[in-house]
Amino acid sequence: MKHIQFFLFGFLALFTACTQTAPSSGNDPLKTYFAQTDPGIQTGGTKIITLKTDKGDFKLWTKRFGNNPRIKVLLLQGGPGCSHDYWQCMESYLPAEGIEFIYYDQLGTGFSDNPNNTAFWDLPRYVEEVETVRQELGLNKDNFFLLGHSWGGILAMQYALKYQDNLKGLVISNMMASCPEYGRYAEEVLAKQLEPAVLQEIRALEAKNDFGNPRYMELLMPNFYAKHICRIPLEEWPFPVARSFELLNQSLYVTMQGPSEFGVAGRLVNWDVKAQLPTIKTPTLSIGATHDTMDPEHMKWISTAVQKGRFLLCPKGSHMCMWDDQKTYMEGLTAFLKDVDGGKF
């Protein structure tokens, strides 16, 4: 009899626990997050946007992951010229928090069209491209968070300066607000951290404009990239990171950034919006890293220059700190998104 009573007690306890923890079919957070929001044939969140220009129409690739009517994060990758691939680490963190995010290959990158025309590699034009994407995806001031990394940070800042009324929140990841200051940091701080013989050989190749020489990257990868771009051992670089670099649009990169890794020499050489940052009223998160190619103190300053700023330092990270200091990056990003949504700014 005692065995029967024990069995019945255990069964009732298990049944009660299950009915208390299992979500009802009508209020399942997973079903809400992965709800189908588009009619017709389902594409897994992929949406192709037509970009109309005076030189023809081009296709832009976007892909939505998840569904959150209040937090939608549009991701702007760096380079300029990288594909969206290195953002795939978001899939291991943001869905668990119920945060929607959107991949987007800018014109000339990844799955989007490449016009093979340097006239398109222009910052103001890219700002209008982001605005087109925003409109086509139905993003607005009640849900639109813009996260730009590296070159994407330049684009995000420039977009906010013109269209901040469309934003709910802004994230500037690993990008200073001044290319001239970035150049000085690269010259006065980063270059001096190299072995003198290595720096001398790099400078000799640059002086000859011999950037296509395999020796240039042979020197940069272990001495610069492994220390300041992504501090994960080179032979262990995650596939999404390696793929983004392999797919880099060299024409776009050299036109905008210039061929050298030490500062900017392309069309962005004089870009500087430091004086304009105080006009940004959108809640803003600035992310820097101790070993970054960008000055972390400058990144901290950005958070004080805007009207509603917060700074996140990734102490173990470098330029790709969403990979080499993931926990710090993702926890800080998630907290910011939720705090803005919760009205804490």
Tell me, how many Å apart are the Cα centres for the stretch 243-287 and for the stretch 89-105?
23
Got the relative contact order for the stretch 58-144 handy, in percent, Cα pairs under 8 Å and 6 or more residues apart?
39
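With Cβ to Cβ distances under 10 Å as the rule, what net charge do the other residues near T293 carry (K, R +1; D, E -1)?
-2
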Counting only Cα, what are the radius of gyration and maximum Cα-Cα distance Dmax of the chain, in Å?
22.8, 93
In µm²/s, what is D for the stretch 183-240 at 10 °C and 1.306 mPa s, where D = kT/(6 pi eta Rh) by Stokes-Einstein and Rh is the Kirkwood radius from Cα pairs?
129
Grab the Cα-Cα distance for E206 and Q36, subtract it from 0.36 nm times how many residues apart they are, and report the gain in nm with one decimal.
56.0 nm
Given the candidates N67, A226, S83, the one whose Cα lies deepest towards the positive end of the charge dipole of the chain, counting +1 at each Lys or Arg C-beta and -1 at each Asp or Glu C-beta, is N67
Across the stretch 30-166, how many lysine pairs, 8 or more apart or on two chains, come within less than 26 Å at their alpha-carbon atoms?
25
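Quick note: the coordinates plus some simple rules give every number you see, no bench work behind them. Not measured: the values here are computed from a predicted model. When we count neighbours, we look across all protein chains shown, and the Cβ atoms used for this are built from the backbone with ideal geometry, even at glycine.
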